[in-house]
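The values are calculated or read from the model by the stated rules, or taken from the named source; none is laboratory data. All of these numbers come straight from a predicted model, not from anything done at the bench. Cβ atoms come from the backbone with ideal geometry, glycine included; neighbour counts cover every protein chain shown.
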Amino acid sequence: MSLREISQPKIYNIAERRNFTPNCTATDYEFVAFNTGIPIVIDNGSYQCRVGWANDVSPRLQFDSMVSKYRDRKINQSVLLVGNDIYTDATAKSNAKTAFDGNVVYNFETMEYILDYIFFKLGINTDNVYHPILMTEPVCNPNHSRRLMSELLFEGYGVPSVCYGIDALFSFHANNLSFDEGGIVASSGHTTTHVIPIIGGRDVLEHSKRISYGGLTSTDYMLKLMQLKYPTFPTKMTVNQAQHLVHNFTYVAQDYFKELKEYSNTNSFALKDRIIQFPYVPPANEKTEEELARQEERRQEQARRLKEQAAKLRIQKLKDLEITLESYVQLKESRSSMKKSEWIARLKENRISDEAELDEIILKTEKSVQRARNKLLGIDEVEIKEEPTFPLVDTPDDQLNDAEKKEKKKQIAAKSLHETRQRQKEAKELARRQQEEEERAEEQRRVNDFEGWLNELKSSYEGQLEKVKNLKRKKEQLMDRRSHASQLRMKSIANLASDTPQQKRRRRGQDEDTFGMDDNDWSIYKEISKEEDAWEEEEELTQLRDYENKLLQYDPAFLPEHTFDAINSQQNSLVFMLTRGVVPTYDPENFGQMHQLHVNIERIRVPEALFQPSIIGLDQAGVVETIGDIVNRFDCDDQRKMIKSMFVTGGHTQTPGLLPRLETSLRSILPSDAPLRIIHANDPVLDAWRGAALWAKTEDFHKYAVTRQEYQEYGGEYLKEHRFGNVYRI
Amino acid sequence: MEIEQEEVDSTNTSTQMEIEEPDNDNPSLQMDVDTAITFEPPLPATSTTNLALEETSEASTITPTPSNASSSSETYSPFGSSFPTPINLHLVRKPFKNPHYKTPKKFKTLKQILAAERNLNTPLDVPTYSNIEAPPSIRPQKKYCDITGLEAKYTDPKTRLRYHSAEVYKEIKQLAPGVIQDYLGLRHAAVVLR
């Protein structure tokens with residue numbers, strides 16, 4: 001699939017984590033279990049708790065191991081919600097607490113609430129819980145935790161007997177794998193991953209290992225990665241959303257380096273990139289097409305109206321001008337009919353001093369009338385400017401009277417102004433002609449000697465590029481305090497500020513400070529000022545772009561992507577591709593795109609941490625290395641037995657691609673003839689409970705359970721060792 | 001007596017909100033689907049046992065989907081006809097609980113528990129929680145770029161960030177110090193002042 005075909009990639013919506021329906025309360029207790037002594041099987045996990053009667057096929061209760069205690073302001077009551085009930089209320093969700101620290105129970109108040117909930121939901125209505133309890137505990141559970149748990153069960157609920165086991169081993173049992181045959185169990189849960197060998201009918205805990213990586217760690221990591229990748233993302237990402245990403249979009253790469261290369265390659269990137277859309281509200285003032293069209297129309301209407309108005313005004317003005325012209329002409333003609341003094345008085349009324357002025361005014365108004373008429377008719381007129389004359393300038397002073405002297409001054413000023421204007425015009429003309437000459441010369445050279453001209457152009461381009469880069473480097477150096485440029489600057493500042501400045505040239509005999517006599521001295525202030533000389537940079541950049549344009553035009557090898565702008569453009573960088581994807585191209589204005597995430601490399605990076613915990617900074621060996629290490633501790637026969645039944649279980653192992661990767665990696669470290677067989681649990685999530693329920697129905701369970709009497713004699717830490725359980729030590 | 005209980009669907013996979021199915025290859029991946037969960041208050045005629053069921057005020061805002069537990073009319077439906085509602089455990093009667101039992105209020109964190117265990121001097125061949133932690137890896141550590149996640153051949157001496165290429169280095173130079181420490185914190189390499 002080429003890039004062009006994926007013009008519309010699939011966009012996935014982010015979803016909050018699933019909300020379970022809360023569990024129903026059982027009403028069949030008397031019918032099912034009353035007075036029967038059926039064991040209750042509790043798979044107490046840090047993620048979920050699964051509970052059921054021993055003879056159930058599947059656990060009746062499956063809920064998140066969370067408790068929420070808060071005070072409801074509205075009804076003024078303290079509320080305690082357990083399990084999936086907490087998702088029904090937002091305050092409850094924010095107050096959620098778990099009984100676990102890592103994979104060990106430490107908060108027994110929370111544990112008590114969970115047990116209350118369990119027994120309540122099972123419908124138990126007797127005054128004590130008259131059923132033996134089979135509960136799971138972590139590998140090598142600290143005695144302290146077990147003691148408190150036993151205390152809680154025996155004292156708080158009056159159970160007759162309690163037994164503890166390891167969930168991964170129960171899962172092994174549930175999948176019909178025999179302990180006597182041996183095997184090795186890799187269980188990846190919410191907080192940790194365990195590798196437990198099974199030899200000689202029991203678990204060999206002395207050689208088991210724990211890696212501190214699980215579902216919770218991977219969710220955390222994904223969340224942090226996304227937050228760093230999109231620091232300006234408009235909405236906050238929650239843990240639940242990160243979990244959704246991890247559950248649905250991550251996979252284990254078969255060959256990590258090869259996959260990484262595929263991601264960095266633009267062509268294959270688009271196939272593997274995933275676009276996640278977060279919900280957003282489009283801004284209210286987005287206009288539809290109709291609205292835009294309507295606006296356009298309105299604007300055009302207005303323009304037309306304005307034009308009409310302007311035309312009307314012009315006509316009006318023309319008429320006015322004509323009327324005034326008429327009146328002036330009349331005035332002039334009336335001279336002949338009136339006496340001179342009267343006429344002069346009339347002129348004075350119209351603020352005209354004498355006849356000459358009247359003539360001028362008439363001339364001017366005639367001209368404007370002419371111009372207005374031309375405009376109306378749309379005729380372009382050619383203005384013929386006459387050379388203004390300065391008759392009085394040349395006559396010497398003594399020949400003039402006062403009024404004429406004033407005239408003369410005026411005329412001198414006017415003449416000099418006129419002359420400077422002439423000079424400027426000529427200078428401009430000259431410059432323009434010079435430039436034309438240059439361009440023509442260059443054209444000639446280009447036509448005659450294309451190669452040479454091109455090479456010259458290239459070298460001047462490179463020189464210019466160097467200049468721009470140097471400017472940048474200088475700017476950067478000044479930023480760094482320890483650079484040479486910065487230190488020189490410091491020296492100059494210190495010199496200027498000191499009382500005994502070092503002179504540039506050694507002055508023999510003179511101690512005066514002659515700073516400032518030479519104009520170039522002042523340029524030192526320009527050098528020490530840290531302000532960026534943006535103007536200079538701009539100039540250089542425009543010159544550079546000039547060269548680039550010419551090169552683009554004439555040099556076939558110089559493509560747009562080689563220009564300075566393209567190389568520095570953010571859009572082409574690798575980091576941009578990873579954050580904003582390739583297709584469709586990112587538009588900063590598009591609101592939908594602003595709320596989009598791209599998961600690409602995180603898809604493989606997060607699950608890879610199980611194989612290389614150093615990615616997260618954990619100082620532990622990866623799961624493959626650990627398995628290899630453990631296997632090597634046993635002798636040959638045991639090794640073969642273990643490798644034949646390599647069992648993988650736990651909710652976190654549902655990541656796609658995990659098993660094939662385990663297989664390939666393990667084959668590479670084991671001897672070539674090893675009979676490696678990797679078995680995935682039928683139901684990685686629920687098999688632990690099922691195995692426990694299976695075992696609870698046997699005689700073995702009753703043999704190994706710790707009775708109430710034994711608890712009272714030996715204390716809460718007491719434990720009878722059995723194949724599924726921990727080792728007891730004092 | 002063995003009564004075959006049907007599997008209770010406590011995780012309803014009913015229709016979902018607008019979500020596209022992610023294209024994962026492994027079919028064994030369980031789809032954790034989103035359900036728009038709504039709750040109705042329970043019907044007044046509920047055949048429950050003598051347990052007192054209290055409704056909280058939340059019940060009015062949410063409605064449940066009925067759990068499809070019973071298949072045939074012969075098998076006794078274990079849950080009656082009551083719909084599950086969120087239950088405030090404070091208000092519920094717990095006959096099975098010992099009324100004189102006092103809940104411990106102070107808890108040791110895992111760190112404290114492990115510290116106490118360390119002082120016990122158990123013999124070295126007995127596995128303990130701290131014992132079975134996986135040891136550091138013998139293999140040389142593969143280094144990945146902190147910004148992009150690709151292979152990192154270089155390290156910036158000033159910030160100690162690992163990077164993939166000169167392009168990424170340009171990005172690094174423009175980062176603020178807080179962000180740099182965040183990146184380092186991703187792999188526990190940040191400077192921690194306590």
Notebook entry, point to check: Before we move on, is residue A:249 in contact with a strand residue (DSSP E or B) (Cβ under 6 Å, 6 or more places away or on another chain), at pLDDT 85 or above and not basic (Lys, Arg)?
Noted result: yes
Margin query: Condition first: at pLDDT 75 or above and within 16 Å of the chain's Cα centre (by Cα). Can you find one or more residues in region A:562-572 that meet it?
Written below: no
Check: Among the residues of region A:79-91, which ones are of a type outside the set (Val, Ile, Thr), surrounded by fewer than 24 Cβ atoms within 10 Å (Cβ to Cβ) and modelled with pLDDT under 90?
Finding: A:89, A:90
Margin query: Among the residues of region B:70-79, are any modelled with pLDDT under 90, of a type in the set (Asp, Glu), assigned to a loop (DSSP other than H, G, I, E, B) and within 30 Å of residue A:138 (Cα to Cα)?
Written below: no
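I'm trying to understand the selection: among the residues of region B:119-137, which are of a type in the set (D, E, K, R) and modelled with pLDDT under 90? Quick ask: steps written out before the conclusion?
Within region B:119-137, the subset of a type in the set (D, E, K, R) is B:125, B:133.
If the condition is that a residue be of a type in the set (D, E, K, R) and modelled with pLDDT under 90, then B:125 is the only one that fits.
Hey, can you tell me all the residues within region B:145-174 that are under 28 Å from the mean Cα position of the chain (by Cα) and free of Cβ contacts under 8 Å to residues at least 24 places away in the same chain?
Within region B:145-174, B:148, B:149 meet the criteria.
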Next item on the list: Go through region A:1-40 and give me each residue that's at pLDDT below 75, under 20 Å from residue A:159 (Cβ atoms) and either at the interface with another protein chain (Cβ under 7 Å from one of its Cβ atoms) or buried (at least 21 other Cβ atoms within 10 Å of the Cβ) (or both).
Entry: A:32, A:33
Checklist line | residue B:122 of a type in the set (Ser, Thr, Tyr), within 25 Å of residue A:728 (Cα to Cα) and either surrounded by 11 or more Cβ atoms within 10 Å (Cβ to Cβ) or touching a Cys at 6+ places or on another chain (Cβ under 6 Å) (or both) | finding: yes
Checklist line | Residues (touching a strand residue (DSSP E or B) at 6+ places or on another chain (Cβ under 8 Å) and of a type in the set (Lys, Arg)) located in region A:252-295 | finding: A:274
Checklist line | Selection from region A:231-242 of residues that are in contact (Cβ under 8 Å) with a residue 40 or more places away in the chain and assigned to a helix (DSSP H, G or I) | finding: A:240, A:241
Item checked: Pair list, Cβ < 6 Å and 6+ apart or interchain, from region A:442-459 residues that are touching a residue at least 60 places away in the same chain (Cβ under 8 Å) to residues that are in a helix (DSSP H, G or I) and β-branched (Val, Ile, Thr) -> none
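Taking region A:138-159, which residues are outside any helix (DSSP H, G or I) and either within 9 Å of another protein chain (Cβ to nearest Cβ) or modelled with pLDDT of 95 or more (or both)?
A:138, A:139, A:140, A:141, A:142, A:158
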Margin query: List the helices (runs of 4 or more DSSP H) inside region A:243-350, counting only whole elements, that have at least 1 residues being over 30 Å from residue B:153 (Cβ atoms) and touching a residue at least 60 places away in the same chain (Cβ under 8 Å).
Written below: A:289-333
Margin query: Condition check: among the acidic types (Asp, Glu) and over 30 Å from residue A:680 (Cα atoms). Does residue A:151 satisfy that?
Written below: yes
Notebook entry, point to check: Do we find a residue being under 30 Å from residue A:322 (Cα atoms), outside the structural domain of residue A:308 (by TED's automatic domain parsing) and either hydroxyl-bearing (Ser, Thr, Tyr) or modelled with pLDDT of 80 or more (or both) anywhere in region A:394-406?
Noted result: no
Next item on the list: For residues that are touching a residue at least 12 places away in the same chain (Cβ under 8 Å) and assigned to a helix (DSSP H, G or I), scanning just region A:471-504, find the one that is farthest from residue B:173 (Cα to Cα).
Entry: A:496
Margin query: Looking only at region B:140-194, count every residue that is in a strand (DSSP E or B), more than 8 Å from every other protein chain (Cβ to nearest Cβ) and of a type outside the set (Phe, Trp, Tyr) and tell me the total.
Written below: 2
Note to self: Checking the condition out of contact with any Leu (no Cβ under 8 Å at 6 or more places or on another chain), hydrophobic (A, V, I, L, M, F, W, C), in a loop (DSSP other than H, G, I, E, B) and at negative phi, which residue from A:75, A:86, A:114 passes?
What the structure shows: A:75
Check: What do you reckon, is residue B:128 surrounded by 16 or more Cβ atoms within 10 Å (Cβ to Cβ), more than 9 Å from every other protein chain (Cβ to nearest Cβ) and part of a loop (DSSP other than H, G, I, E, B)?
Finding: no
